[in-house]
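Working notes, beginning with the structure itself.
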Ligand SMILES: Nc1ncnc2c1ncn2[C@@H]1O[C@H](COP(=O)(O)OP(=O)(O)OP(=O)(O)O)[C@@H](O)[C@H]1O
Ligand SMILES: [Mg+2]
């Protein structure tokens, strides 16, 4: 049964640009053009396209971080959580891993301190880091371990949808595979859906069920992952596939 967690309808996004210091009239540049798609419960939807096409702009707009947009964004559940390419920018360097994982629970409320501590330790086990990692700081972790922590921080409040923006691009291939496996395991356990942003079609092939192809801020193809690889419809998709070989 289809059950959408997110619907995006005719979305246009804009950035303000100051064309001239002498002119006060506001200029804006449109980055996303008439973007529409739905993410159903349990899906991993890939978003691919070359650098600068608007992938991060789309995730920022969905999360309400960009004021300049029109169109419709319908969340059918709690606010999505984000996982970024560089966990260094998202993890507070002054705090311990235990604090970082507990903070979203504190912010959400409804749990006692001992309950939160227990949830943090259980989550640490689940992401394959032992309890001893609770007292470490982000810089005392490897890149892969750091990404595990940032994924855990996104998942710990049990959102329905995770937006992962190039979550494995900074990692080498073996670590990439481990992190992808972790994302799949967590999806099963917590009934998650993902919008999985990547410029790497090979990674998308490994994890996604459906793919959106973006070019210059427009979705030019939406297809199942098998059809996309076997029978790409749009010339731009064929171009991306050829480049990935
Ligand atoms: N804060 C901003 N102000 C103005 N323009 C921006 C801003 N952020 C991004 N842009 C522009 O919007 C366009 C889309 O950028 P975006 O970051 O969404 O691309 P992307 O697909 O995520 O690229 P990448 O794969 O390199 O991460 C680019 O032309 C970029 O220069
Ligand atoms: Mg980006």
ask   = Under 6 Å by Cβ, and 6 or more places apart or on different chains, what pairs join a residue from region 1-18 that is on the phi > 0 side of the Ramachandran plot with one that is part of a strand (DSSP E or B)?
value = 10/34; 10/36; 10/71
message = Please list, ordered by residue number, the strands (runs of 3 or more DSSP E) wholly in region 1-117 having 1 or more residues that are farther than 26 Å from residue 203 by Cβ.
response = 4-17, 27-40, 69-75
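Return the only residue of 66, 105, 58 being within 13 Å of ligand 1 (Cβ to nearest atom) and buried (at least 20 other Cβ atoms within 10 Å of the Cβ).
Of the residues listed, the single one that is within 13 Å of ligand 1 (Cβ to nearest atom) and buried (at least 20 other Cβ atoms within 10 Å of the Cβ) is 58.
Residues checked against (1) at pLDDT 95 or above; (2) more than 16 Å from ligand 2 (Cβ to nearest atom); (3) surrounded by 18 or more Cβ atoms within 10 Å (Cβ to Cβ):
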residue: 7; (1), (2), (3): yes, yes, no
residue: 23; (1), (2), (3): no, yes, no
residue: 35; (1), (2), (3): yes, no, yes
residue: 87; (1), (2), (3): no, no, yes
residue: 95; (1), (2), (3): yes, yes, no
note = Considering region 213-238, residues that are more than 23 Å from the chain's Cα centre (by Cα) and not in a helix (DSSP H, G or I), and then whichever is farthest from ligand 1 (Cβ to nearest atom), we arrive at 231
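The values are calculated or read from the model by the stated rules, or taken from the named source; none is laboratory data. Keep in mind the model is a prediction, meaning the values are calculated, not measured. With ideal geometry, Cβ positions are generated from the backbone for all residues, glycine too; neighbour counts draw on all protein chains shown.
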